[in-house]
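What follows is a set of notes on a single structure, which appears directly below.
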Amino acid sequence: MTYPEGFLDREERFPALHELLNSYADAGYSFTDTPEKPGVALQAYVRQVMRTSGTLDSVIAEIDDLLQVGLFNEEIADDVDLLPHINPPAGHTVEQCLATIRSHLDRIRNGGAYEKSPVPRTGWEWKKQFPEIWMLLGARFNQEFSRFYASHREALDDHLSLNDEESLTELVKELEYVLSAIESDAELEQVADILGLQVYPPEGLTLRQWLTEMQGIIKDRIRTDAS
């Protein structure tokens, strides 16, 4: 779709709702919640937003705003067009699905239980919880790797040169968590694939060894820059 010049630069009316619907888009572009139980996409979203205070209030307010004005009201047509288009189940409308989501979110906001997990369950959730790893693997070690870099170390050095200490410190923390939380090498490979890795580790190293090696190099760079 072609948008008018400057259209995509304007402030979104529903940014929190947009992020919520991204979770549904990643999980198959379908609303799967019932009044009794939130679906996989909503469970993933809730686990992530509970890490940041105030986000539930924002997304509930935006759902209220949209439902009050009306999904098909011309007043918000351009804003709605920016949102991922998620399919309702047969016999239901998008508005009904959003109302169900709102009910679950409000219950959780008021102390209701939600499904917890030590590690993410969906691709969206992995990327949301580990954005620095996603940036490293997805930006430096994607299918274009050989076009830009002669070696894995050159790609890592490029990443180090383009990111500040705060981002690199967070990257180290994310790597530490993932390497300790995922004991299976097969599962680690699946997670790395989700987070954008599209090349093999350097010759002679397993994926776990390579990620651990990169973690050490990043730590050394942070210490060097701080001295």
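The values are calculated or read from the model by the stated rules, or taken from the named source; none is laboratory data. Here the structure is a predicted model, which is why all the values come from computation and not from measurement. No Cβ is skipped: glycine too gets one built from the backbone with ideal geometry, and neighbour counts run over all protein chains shown. SASA here: full protein model, heavy atoms, side chains in, ligands and nucleic acids out. Shrake-Rupley method; radii C 1.70, N 1.55, O 1.52, S 1.80 Å.
So here's what we get for this one:
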quantity	calculated
Residue match in the range 36-49 (condition: open to solvent by less than 70 Å² (accessible area, probe 1.4 Å), closer than 14 Å to Arg13 by Cα and modelled with pLDDT of 95 or more)	no
Any hit, the range 53-75, residues being among the aromatic types (Phe, Trp, Tyr) and farther than 30 Å from Glu176 by Cα	yes
Qualifying positions in the range 53-66 - at pLDDT 95 or above and either open to solvent by less than 20 Å² (accessible area, probe 1.4 Å) or more than 13 Å from Ser103 (Cα to Cα) (or both)	Leu56, Ser58, Val59, Ile60, Glu62, Ile63, Asp65, Leu66
Extreme residue, most open to solvent (accessible area, probe 1.4 Å), among residues of the range 139-170 that are assigned to a loop (DSSP other than H, G, I, E, B) and not charged (D, E, K, R)	Gln143
Number of positions in the range 96-108 that are under 21 Å from the mean Cα position of the chain (by Cα) and more than 13 Å from Lys37 (Cα to Cα)	1
Output for the range 198-213, where each listed residue is at negative phi and open to solvent by 50 Å² or more (accessible area, probe 1.4 Å)	Gln198, Tyr200, Glu203, Leu205, Thr206, Arg208, Gln209, Thr212, Glu213
Every pair of residues 6+ apart whose Cβ atoms lie under 9 Å, when the first sits in the range 166-185 and is closer than 17 Å to Met135 by Cβ while the second is of a type in the set (Gly, Ala, Ser) and at pLDDT 95 or above	Val178/Ala192
Some residue of the range 183-197 being open to solvent by less than 70 Å² (accessible area, probe 1.4 Å), farther than 20 Å from Thr122 by Cα and in a helix (DSSP H, G or I)	no
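Conditions tested, residue by residue: (1) within 22 Å of the chain's Cα centre (by Cα); (2) modelled with pLDDT under 95; (3) of a type in the set (A, V, I, L, M, F, W, C).
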{"residue": "Trp134", "(1), (2), (3)": "yes, no, yes"}
{"residue": "Phe141", "(1), (2), (3)": "yes, no, yes"}
{"residue": "Tyr149", "(1), (2), (3)": "no, no, no"}
{"residue": "Leu171", "(1), (2), (3)": "yes, no, yes"}
{"residue": "Glu176", "(1), (2), (3)": "yes, no, no"}
{"residue": "Asp185", "(1), (2), (3)": "no, no, no"}
{"residue": "Pro201", "(1), (2), (3)": "no, no, no"}
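Quick grid of which residues meet (1) assigned to a loop (DSSP other than H, G, I, E, B); (2) free of Cβ contacts under 8 Å to residues at least 40 places away in the same chain:
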| site | (1), (2) |
| --- | --- |
| Ala77 | no, yes |
| Pro84 | yes, no |
| Cys97 | no, no |
| Thr100 | no, no |
| His104 | no, no |
| Arg107 | no, yes |
| Gly112 | yes, yes |
| Lys116 | yes, no |
| Arg121 | yes, no |
